[in-house]
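The values are calculated or read from the model by the stated rules, or taken from the named source; none is laboratory data. Owing to the predicted nature of the structure, the values given are computational and were not obtained by experimental measurement. Positions of Cβ are backbone-derived with ideal geometry, glycine not excepted, and every protein chain shown enters the neighbour counts.
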Amino acid sequence: MQLDFNSEKPIYIQLAEAIEDDILKGIYKEESQIISTTELSINLKINPATAGKGVSILVNEGILYKKRGVGMFVAKGAKEKVLQKRKKIFCDHFILSLLNEAKKLNISKNEIINMIERRDNFE
Amino acid sequence: MSKIEIKSLTKQYGDVVALDNVSLDIERNKIYGLLGRNGAGKTTLLNLITNKLFPTAGEVFIDGENVKENDKVLNNVFYMFEDNLYPEGLRVKELIRWVKLFYTSLDVDYAKELCDKFGLNTHSKIKSLSTGYSTICKDILALTSNAEVILLDEPVLGLDANHRDLLYKEILSNYIKQPKTIVISTHLIEEVSEILEEVIIIKEGKIILKDTVEDLMTRAYMISGEASKVQQYIKNKKYIGLEKMGKYQQVTILEESKKRNTQLINELDLEVSKAPLQKLFINLTN
């Protein structure tokens, strides 16, 4: 798990996204326990309040849940939830910045589609 | 209730005002960074909190009790400082036992474990220790003292990168196991910024900023782009730093509220980046 301390993105959000990535990649399976906030805080050298905030975002979204006295677990259906959430972000941010950049470079929508298709053919 | 209350504290040495009417609350069980340039008044403030110096005016309360000649309260505060006031003929293991006479809940086993971790030979004489190991020795005493408040003045002085890394991790694990109020005064700001919960910046004897790191990182940002567009953005805005590179300008902005004008930033085609704590510090204390 890597955090970018130079990034504009707050550390707790980066942390939440890193855990989501691990769920998507299958490093953390549903109903399995994830690394504790204590370990996160010490290993990443971040304030425990920051680590706690990152984890609680995912708890509030139903992606993680807390077993009292045991630790944090990946909720059932978490992977699908993360997938949907990321798709929305992909659409709202990624595609938007793609379109903005294209506008700057005078690339039309058709050209963009052509580019994507050409890439597809290569792979 | 707040753990340490500092009320209108002033310290003068003749005509020199080292600390100028400072009022400050340091809350319980948080990790604070006390930042300031050399001679800003950090050490004076820590000395006054621990009654090692007497204020010209003002008072310090810990848990509601005045610290003035109050051993009961001060026994719960461990102040790790730069000067070596320990009997120099002592060996490390003797020093640990000696400190335990004052800090009776000091955990000797934990202290030995940390000596081991940092490679500090407990048979070494205090006076023979290098700057780095002298600092490490004092850090270990602070971390194992079990005091509710630990004040660390330059806790990484002379430490190499490996030892600093080890120390930051130890501070965190110690704090998580047994939450306490920790104040870290350091010049190595970037390294420590993510372990802090709050930052206090002191300049010329005055507190010029006190905020949580999280809020500060939202309020502060850097904007860069073509000079005229940058100028358009900062019109009627307070900024704390400006750098020029040809037709290009970069400004550091610290907003009063958390709001930034994202729409205008996009319209002007400006780039936003993070304003690291060190950058803010340099701009604010110049």
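Tabulated data
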{"quantity": "Yes/no for residue B:31 being in contact with an Asp or Glu (Cβ under 6 Å, 6 or more places away or on another chain), of a type in the set (A, V, I, L, M, F, W, C) and buried (at least 21 other Cβ atoms within 10 Å of the Cβ)", "calculated": "yes"}
{"quantity": "Residue B:210 being surrounded by fewer than 21 Cβ atoms within 10 Å (Cβ to Cβ) and among the basic types (Lys, Arg)", "calculated": "yes"}
{"quantity": "The lone exception for residue A:42 - which of (1) facing another protein chain (nearest Cβ under 10 Å); (2) out of contact with any Lys or Arg (no Cβ under 8 Å at 6 or more places or on another chain); (3) of a type in the set (A, V, I, L, M, F, W, C) it fails", "calculated": "(2)"}
{"quantity": "Residues of the stretch B:168-191 satisfying the condition of being of a type in the set (Ser, Thr, Tyr) and without any contact (Cβ under 8 Å) to a residue 60 or more places away in the chain", "calculated": "B:168, B:173"}
{"quantity": "Top-ranked residue in the stretch B:150-170 [being part of a strand (DSSP E or B) and over 19 Å from residue A:45 (Cβ atoms); ranked as nearest to the other protein chains (Cβ to nearest Cβ)]", "calculated": "B:151"}
{"quantity": "Test for residue A:87: is it within 26 Å of residue A:39 (Cα to Cα) and either loosely packed, with under 12 Cβ neighbours inside 10 Å or not polar (S, T, N, Q) (or both)", "calculated": "no"}
{"quantity": "Selection within the stretch B:46-55 - in contact with a strand residue (DSSP E or B) (Cβ under 6 Å, 6 or more places away or on another chain) and either aromatic (Phe, Trp, Tyr) or within 11 Å of residue B:185 (Cβ to Cβ) (or both)", "calculated": "B:46"}
{"quantity": "Elements of type helices (runs of 4 or more DSSP H) contained in the stretch B:43-149, each with 3 or more residues being at pLDDT 95 or above", "calculated": "B:92-102, B:108-118, B:131-144"}
{"quantity": "Number of positions in the stretch B:248-286 that are in a helix (DSSP H, G or I), touching a residue at least 24 places away in the same chain (Cβ under 8 Å) and under 17 Å from residue B:237 (Cα atoms)", "calculated": "5"}
{"quantity": "Selection from the stretch B:113-156 of residues that are out of contact with any Lys or Arg (no Cβ under 9 Å at 6 or more places or on another chain), of a type in the set (Lys, Arg) and surrounded by fewer than 22 Cβ atoms within 10 Å (Cβ to Cβ)", "calculated": "B:117, B:127"}
{"quantity": "Complete set of residues in the stretch A:22-42 that are exposed (fewer than 15 other Cβ atoms within 10 Å of the Cβ), free of Cβ contacts under 8 Å to residues at least 40 places away in the same chain and part of a helix (DSSP H, G or I)", "calculated": "A:39"}
